[in-house]
């Protein structure tokens, strides 16, 4: 597996229109290393424009883009055989049959995946001779995913890879993406599913207003701010000041409602042991102890002020 970045974007600017140009990407910096990088952002944030520039489908107005060390515009011929691309629109001729399109794409590569095995894995057996326009939305999505990975690319771009899939099909797609990583293939994916990013991604980039506003592993991003919260119930009117003195300096303790207590800060096994030990020393039987962890969705809402919608 490569140790250097597979994708490097610096100062990317992309505008649309001439009379009153709209800036979709505004000086964006992004680095994706080996593994799986998820790109999150509300609609209109600039993520799709960024990915399309990286794929070579759009030219940047400013900035530099390197994919596998190559310029997607100048080095398109050399880069194209090394990457796989899954588009939201599918990128398939509407009158072509599913199996013939997948076999066609496979023949363009020197060492493609086994097509029948890929068809079986993604549940496309029953629709192989069906034209693309007659496939269901989920079948079209699975075919587009198959076409993106069949050539064994070094890097694959997946735009909303599980949009419109049922839960079982989503899990199958997740397994395929994980297998790509295990085989040394790097993946850059956009998604509107927070659980998908948390389950799959080694690294997450959050884009808003044409810029990357946060990037890191899901664990790193979720550690920002109030990392965890511990809650428990007990008798009314506990001396929260005394409990606070027993805890690390960055802690906070509140009785948020009668008999319901919240401990905020860096919640780890030592803090949990301290709370339970303090309760034992003061004859308190804590009930319903729970740890609430900062989720990726919490981070996204705090940074953008918006929910992630498809």
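Observations on the structure shown:
- Positions within the range 7-21 being at pLDDT 95 or above and either more than 22 Å from residue 179 (Cα to Cα) or surrounded by fewer than 16 Cβ atoms within 10 Å (Cβ to Cβ) (or both), in sequence order: 8, 9, 10, 11, 12, 13, 14, 15, 16
- Only a single item in (1) surrounded by 14 or more Cβ atoms within 10 Å (Cβ to Cβ); (2) in the same structural domain as residue 235 (by TED's automatic domain parsing); (3) in contact with a helix residue (DSSP H, G or I) (Cβ under 9 Å, 6 or more places away or on another chain); (4) assigned to a helix (DSSP H, G or I) is not met by residue 289, and it is number (4).
- Selection status of residue 51, touching a helix residue (DSSP H, G or I) at 6+ places or on another chain (Cβ under 6 Å), over 12 Å from residue 211 (Cβ atoms) and touching a residue at least 40 places away in the same chain (Cβ under 8 Å): no
- Any hit, the range 196-206, residues being modelled with pLDDT under 95 and either over 13 Å from residue 37 (Cα atoms) or outside the structural domain of residue 24 (by TED's automatic domain parsing) (or both): no
- Checked against (1) without any contact (Cβ under 8 Å) to a residue 24 or more places away in the chain; (2) within 34 Å of the chain's Cα centre (by Cα), residue 297 passes all but condition (1).
- Test result for residue 39, touching a strand residue (DSSP E or B) at 6+ places or on another chain (Cβ under 7 Å) and either surrounded by 20 or more Cβ atoms within 10 Å (Cβ to Cβ) or not assigned by TED's automatic domain parsing to the domain that holds residue 112 (or both): yes
- Looking across the range 113-144, the residues that are surrounded by 16 or more Cβ atoms within 10 Å (Cβ to Cβ), part of a loop (DSSP other than H, G, I, E, B) and free of Cβ contacts under 8 Å to residues at least 40 places away in the same chain come down to 113, 124, 128, 130, 135.
- Set 263, 267: member being closer than 14 Å to residue 292 by Cα and outside any loop (DSSP other than H, G, I, E, B): 263
- Here residue 4 clears all of (1) over 25 Å from the mean Cα position of the chain (by Cα); (2) modelled with pLDDT under 95 except the condition numbered (1).
- Of the residues making up the range 25-46, those that are assigned to a strand (DSSP E or B), within 20 Å of the chain's Cα centre (by Cα) and more than 14 Å from residue 189 (Cβ to Cβ) are 25, 28, 29, 31.
- Here residue 110 clears all of (1) modelled with pLDDT of 90 or more; (2) assigned to a loop (DSSP other than H, G, I, E, B); (3) surrounded by fewer than 17 Cβ atoms within 10 Å (Cβ to Cβ) except the condition numbered (1).
The values are calculated or read from the model by the stated rules, or taken from the named source; none is laboratory data. Note that the structure is predicted; figures quoted are calculated from it, not measured. In this analysis, Cβ positions are derived from the backbone assuming ideal geometry, glycine residues included, and neighbour counts consider all displayed protein chains.
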